[in-house]
């Protein structure tokens, strides 16, 4: 119940394409869903995040779609560029003691955008 | 890297030796976290802290302990390192409730 399932493991698109990464969860106690972008040798960096009372959120070329009833959410990258080539992780947050949270991560999607 | 430093950045050690990794933040945030990242597993939470001397276990806490004696430092200790603890370790901070986590640059640990 604490898992977040992410697909695909890897994705190759041409410049200008729209890669889509999907995630699914079971635990309805999750209440916050961030996406992280990670370049080789670096720490994950927050890309965009959504709460379950919203069905879609856009920030620049990045869009999260959220389907609460299906317990699924996805990341779309519009007009993808070679600089978007990175590993993307979805995550789900559950509140814990002391006002903290635990993030459960998907296993990641390695995106390659060819020029 | 959100004012987070991790030390050391790289370490090679032998099985059975104790190892301590340090996470230091400059912003006095209340919440701090330790993760490990392994191929095929994504990031997994080891321990977290919600204040000085307040810590709790994550999903992969066996073989690890933590301490937080002051706000800015969160230490992760491998009491007796094993080869299965070879990994990249990330520290994260969270500025406040209803805010997300920001990650440090990571420590690459190799246990021989």
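Quick note: the coordinates plus some simple rules give every number you see, no bench work behind them. Treat the numbers as computed from the prediction; the structure is a model and nothing was measured. A quick note on method: Cβ atoms are made from the backbone with ideal geometry, for glycine too, and the neighbour counts reach across all protein chains shown.
Which log10 I(q)/I(0) values, to two decimals, does the stretch B:32-112 give at q = 0.14, 0.17, 0.19, 0.23 Å⁻¹ under the Debye formula with one point per Cα?
-0.44, -0.66, -0.82, -1.18
I need to check one value: relative contact order of chain B, counting alpha carbon pairs closer than 8 Å and at least 6 residues apart, in percent.
Relative contact order, chain B: 36 percent.
Taking only C-alpha pairs under 8 Å that are 6+ residues apart, what is the relative contact order of chain A in percent?
Across chain A, relative contact order equals 36 percent.
Treat each spin label as a single point 7 Å out from the Cα along the C-beta direction, and report the residue A:39 to residue B:70 distance in nm.
About 3.3 nm separates the two model spin labels.
Using the 10 angstrom Cβ neighbour count as an exposure proxy, how do B:12, A:13 rank, fewest first?
Least to most surrounded, the residues fall as B:12, A:13.
With r as the distance between the Cβ atoms of residue A:81 and residue A:56 and R0 = 22 Å, compute the FRET efficiency 1/(1 + (r/R0)^6) and round to 0.05.
0.50
Give me the distance in nm between label points sitting 7 Å out from Cα along the Cα-to-Cβ direction at residue B:99 and residue B:79, one decimal.
Each label point lies 7 Å from its Cα, and together they span 3.4 nm.
Sorted from fewest to most neighbouring beta carbons within 10 Å, what does the list B:76, B:43 look like?
By the 10 Å Cβ count, ascending, the order reads B:76, B:43.
Give, in whole angstrom and from largest to smallest, the semi-axes √(5λ) of the equivalent ellipsoid of the protein assembly as shown, with λ running over the eigenvalues of the Cα gyration tensor.
That gives 30, 20, 16 Å for the three semi-axes.
Only counting other Cβ atoms within 10 Å, I'd like B:10, B:47 sorted with the fewest neighbours first.
Arranged by neighbour count, lowest to highest, B:10, B:47 become B:10, B:47.
Could you give the length gained by full extension between residue B:110 and residue B:13, i.e. 0.36 nm per residue of separation minus their alpha carbon distance, to one decimal place?
Result: 34.3 nm gained on full extension.
Report, in whole Å, the centroid distance computed from the Cα atoms of the stretch A:83-107 and the stretch B:15-87.
Between the Cα centre of the stretch A:83-107 and that of the stretch B:15-87, the gap is 16 Å.
Taking each residue of B:36-42 in turn, how many C-beta atoms of other protein chains fall within 10 Å of its C-beta, and what is the average?
So the per-residue partner count for this stretch is 4.
Which value, in nm² and rounded to one decimal, describes the direction-averaged projected area of the C-alpha convex hull of the stretch A:4-114?
6.9 nm²
Counting only other chains, and only Cβ atoms inside 10 Å, what mean value do you get across the residues of A:90-101?
5
Which value in nm describes the separation of the simple spin-label points at residue A:7 and residue A:110, placed 7 Å from the Cα toward the beta carbon?
Between residue A:7 and residue A:110, the simple spin-label model gives 2.0 nm.
Label 7 Å along Cα→Cβ of residue B:62; the stretch B:72-89 residues with amide nitrogen under 16 Å?
In the stretch B:72-89, the label zone of residue B:62 (backbone N under 16 Å from the point 7 Å along Cα→Cβ) covers B:79-86.
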